[in-house]
1. Within the range 38-56, work out how many residues are in contact (Cβ under 8 Å) with a residue 12 or more places away in the chain, out of contact with any Gly (no Cβ under 9 Å at 6 or more places or on another chain) and assigned to a helix (DSSP H, G or I).
Amino acid sequence: MDSAPGQVFLADCPTRLAVEIIAEKWAVIVLFALSRQPRRPGELADLIGGISHKVLTQTLRRLQAYGLVERHAYAEAPPRVEYSLTSLGQTLVEPIKVLTDWARENGEAIVDFQEQNER
């Protein structure tokens with residue numbers, strides 16, 4: 001597909017799909033939380049903070065549907081479930097790291113700008 005300006009907004013453009021995935025509020029945070037090791041839902045909720053179990057479950061299911069996260073249920077009593085990144089999900093770790101670095105470097109400037117414009 002041609003990447004000319006305007007083309008990235010077409011419904012069938014892969015760029016649009018990528019933006020839709022990462023624009024979901026918790027998606028990038030969940031992906032980054034899974035970047036080092038598989039985790040159980042409770043571990044993820046504790047690590048992330050501020051996310052309800054319902055929203056975490058919805059986010060994990062959406063990321064599974066995109067092929068970025070996989071769910072592994074162990075045949076144990078009590079049942080145990082872990083989530084991990086797929087190979088495709090691993091490809092997002094570096095771009096997320098770049099975005100995180102940008103936020104660390106520029107976050108204070110954004111807050112300063114917002115505070116100046118509240119007056």
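1. Residues in the range 38-56 being in contact (Cβ under 8 Å) with a residue 12 or more places away in the chain, out of contact with any Gly (no Cβ under 9 Å at 6 or more places or on another chain) and assigned to a helix (DSSP H, G or I): 6 in total.
To keep it simple, each residue is scored yes or no on (1) modelled with pLDDT under 95; (2) surrounded by 15 or more Cβ atoms within 10 Å (Cβ to Cβ).
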{"site": "L34", "(1), (2)": "no, yes"}
{"site": "R39", "(1), (2)": "no, yes"}
{"site": "R71", "(1), (2)": "no, no"}
{"site": "P79", "(1), (2)": "yes, no"}
{"site": "G89", "(1), (2)": "no, yes"}
{"site": "I96", "(1), (2)": "yes, yes"}
{"site": "T100", "(1), (2)": "yes, no"}
{"site": "E108", "(1), (2)": "yes, no"}
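Here is a yes/no grid of residues against (1) within 26 Å of A103 (Cβ to Cβ); (2) assigned to a helix (DSSP H, G or I):
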residue	(1), (2)
A18	yes, yes
F32	yes, yes
R36	yes, no
Q58	yes, yes
P78	no, no
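The values are calculated or read from the model by the stated rules, or taken from the named source; none is laboratory data. Model, not experiment: these values are computed from the prediction. Neighbour counts are summed over all protein chains in view; Cβ atoms, including those assigned to glycine, are modelled from backbone coordinates with ideal geometry.
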